[in-house]
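The values are calculated or read from the model by the stated rules, or taken from the named source; none is laboratory data. Here the structure is a predicted model, which means the values were calculated and not measured. All Cβ positions, even for glycine, are placed from backbone atoms using ideal geometry, and neighbour counts span all protein chains on display.
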Amino acid sequence: MVWFRRAGRESRVPEGLWVKCEGCREILYRKELEASLYVCPKCGHHHRVSARVRLSQLLDGGNWKELFAGVSSADPLGFVDSKPYAERVKALRERGARHDAVLVAQGKLDGIRLIVAAMEYSFMGGSMGAAVGEKITRAIERCLKSSYPLVIVSCSGGARMQEGILSLMQMAKISAALARLHQAKIPYISVLTDPTTGGVTASYAMLGDLNIAEPGALVGFAGPRVIEQTIRQKLPEGFQRAEFLLEHGMVDLVVPRQELKETIARCLNHLT
Amino acid sequence: MAGAAVPSFLATLEALRQQVSEAERQGDRAEAARLKEQLDAEARRVTATVTPWQRCLIARHAERPYTLDYVRGLMTDWVELHGDRGFADDPAIVTGLASFDGDSVVVVGHQKGRDTRDRLYRNFGQPRPEGYRKALRVMRLAEKFRLPVISFVDTPGAYPGIDAEERGQAEAIARNLREMAALETPIVVVVTGEGGSGGALAIGVGDRVFMLEHAVYSVISPEGCAAILWKDQSETQRAAEALRLTANDLLGFGVIDEILPEPLGGAHMDPPLAVRTVGTALRTALAELRRIRPADLPRRRYAKFRKMGAFLER
């Protein structure tokens, strides 16, 4: 029995009775944190949640059907860094993350039939390889066929380096599918959560008819460290956070998690 | 060599090249011919033994032809077009109208500088959002007036700076990817030097994608990859190999359509020849694409990019 765990490492949150808030360092009762959708009741910090938790928060009755579950990552480059990429993926899958870095589901949100893709940060930083690219593209194609609206909840460091140029091309593949969705006038809501950077931001995460960010989420193209190295100075407080993006006109709304489902429903009801 | 250091594996080649032109300048034909033979042998040696990392260095060579060199070498009646109509003109991307073989075309391309001042002016070929937005504006113009688009890709990457983030670097790239996919006019892309990740792809979605023999195209620079995965800058060469970023690799992955051969030793050894090779490829591609109804192009382009990527399925 684990008595104490840091929140934020989503897969571990449910294990302990008590967790420490990543924002204010207060000790929180796990049940209470879970009931508040992993938003700290003391400081409002939005903890990262797994794709499953995300879907259960958004979809009615926690009722949904996983789509494209059979798609998983290959190792087209034979990539090896400190450990072979193929082994890395195998180990993660054996630990239970069988859906790679995105979980696609069909379900209802406030009675609206739709498809939701939720990214899994604990799977290699939510990075986008060809499996992620394929599942999201199929999700878009399914929306085109069924006229269901699409919601993608992004949480990703960007393209998956271990798949090289083929991960970069997922940006083009998914964006091309989104062009079709755009022309078919089917709503797509992009939800940006902490963190969303790199090739994910520079493709589908910024292409929503509506872009909605969670409070405090880091959202950007280049990561803060890369920018600091380039300009050789410290970045200003709040740089690349959700509120910064709102101020600069890059997102429509910053919405606390407790209001996210209701906000998406209200927007979709206007658009469909 | 205008400010940039010669990589050591190219030092002998560079020295011989200078000796040949010196001998030619002095009118010593016999000596020039003798040195030319040595030069060719050295160029063959370099080409035969070139590693992925060395290709990156050739791709970054300061005397490699850049977008405006291709425009000057292949086109006439050039009119450069400036600005994104929203914020500014970005000199790291050039756009314009030109005649190619007597037909009007739209050109977009990254532009690097050759001397220190020009390099700074061009921000080392790293565009800001307004550069990508200018490119999109001009590509829309191409669609409207039924002109094909020729895109030259050569960038270390989109500029990672505070101002670029404030103005939506990610949004600008994303929008280009979506809009280029749906553009109802032919798009021919040539990766001429560095294909630096999203900053390259943002003008790289086309009906035909060519790549010069020593050009590289990657999701991340070998330096960046080494820093993240090995936490060690000295692993750059290993990262360059692991990333599979050469033209041959990309052809194998089905990401590009054709490799365009470079002059022996690299495009900088004989820029006019490299430019002519690109011209020939463009001519053929445009002739083929003109036979397709513009309204059918997005469907074909979708099919092309839809196939990219390898995954398992049970």
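Some notes on this structure:
- Within region B:254-278, considering residues that are among the β-branched types (V, I, T) and outside any helix (DSSP H, G or I), the one farthest from A:I165 (Cα to Cα): B:I259
- Restricting region B:221-253 to residues that are in contact with a helix residue (DSSP H, G or I) (Cβ under 9 Å, 6 or more places away or on another chain) and assigned to a loop (DSSP other than H, G, I, E, B), the residue that is surrounded by the fewest Cβ atoms within 10 Å (Cβ to Cβ): B:D232
- Residues located in region A:104-130, provided they are under 13 Å from A:R52 (Cβ atoms) and either outside the structural domain of A:E259 (by TED's automatic domain parsing) or part of a loop (DSSP other than H, G, I, E, B) (or both): A:E120, A:Y121, A:S122, A:F123
- Screening the candidates B:I187, B:I220 for the property of being of a type in the set (A, V, I, L, M, F, W, C) and under 19 Å from B:S151 (Cβ atoms) yields one hit, B:I187.
- Residue within region A:207-218 that is outside any strand (DSSP E or B) and of a type in the set (A, V, I, L, M, F, W, C) present: yes
- Counted residues, region B:99-121 - those being in contact with a Gly (Cβ under 6 Å, 6 or more places away or on another chain) and buried (at least 23 other Cβ atoms within 10 Å of the Cβ): 3
- Of the residues in region B:141-149, none is in contact (Cβ under 8 Å) with a residue 60 or more places away in the chain and aromatic (F, W, Y).
- Close pairs (8 angstrom Cβ cut-off, 6 or more residues apart or separate chains): closer than 15 Å to B:A43 by Cβ and outside any helix (DSSP H, G or I) in region B:3-27, among the hydrophobic types (A, V, I, L, M, F, W, C) and at pLDDT 95 or above anywhere: B:P7/B:L57
- Contact map, region B:208-226: first residue closer than 18 Å to B:N248 by Cβ and within 10 Å of chain A (Cβ to nearest Cβ), second residue of a type in the set (G, A, S) and in a helix (DSSP H, G or I), Cβ cut-off under 6 Å, separation 6 or more or different chains; pairs are B:V216/B:A59; B:V219/A:G164; B:V219/A:S167; B:V219/B:S197.
- Some residue of region A:46-64 being in a loop (DSSP other than H, G, I, E, B), out of contact with any Phe, Trp or Tyr (no Cβ under 6 Å at 6 or more places or on another chain) and among the basic types (K, R): no
- Qualifying residue in region A:183-196 (condition: in contact with a strand residue (DSSP E or B) (Cβ under 6 Å, 6 or more places away or on another chain), facing another protein chain (nearest Cβ under 7 Å) and not basic (K, R)): no
- Pick from region A:211-239, criterion farther than 20 Å from B:P129 by Cα and touching a Pro at 6+ places or on another chain (Cβ under 8 Å), ranking: farthest from the other protein chains (Cβ to nearest Cβ): A:P215
- The number of residues in region A:139-177 being under 25 Å from A:L271 (Cα atoms) and facing chain B (nearest Cβ under 8 Å) comes to 3.
- Matching residues, region A:67-91, being within 14 Å of another protein chain (Cβ to nearest Cβ) and within 22 Å of A:S50 (Cβ to Cβ): A:L67, A:F68, A:A69, A:G70, A:V71, A:S72, A:S73, A:R88, A:V89, A:K90
- Neighbours by Cβ (under 6 Å, 6+ apart or cross-chain): first from region B:74-85, surrounded by fewer than 16 Cβ atoms within 10 Å (Cβ to Cβ); second in a loop (DSSP other than H, G, I, E, B): B:H82/B:D89; B:G83/B:D89
- Of all residues in region B:141-167 being among the small types (G, A, S), buried (at least 21 other Cβ atoms within 10 Å of the Cβ) and at the interface with another protein chain (Cβ under 8 Å from one of its Cβ atoms), the one that is nearest to B:D103 (Cα to Cα): B:A158
- Residue list for region B:289-305, filter: part of a helix (DSSP H, G or I), free of Cβ contacts under 8 Å to residues at least 40 places away in the same chain and more than 10 Å from chain A (Cβ to nearest Cβ): B:D296
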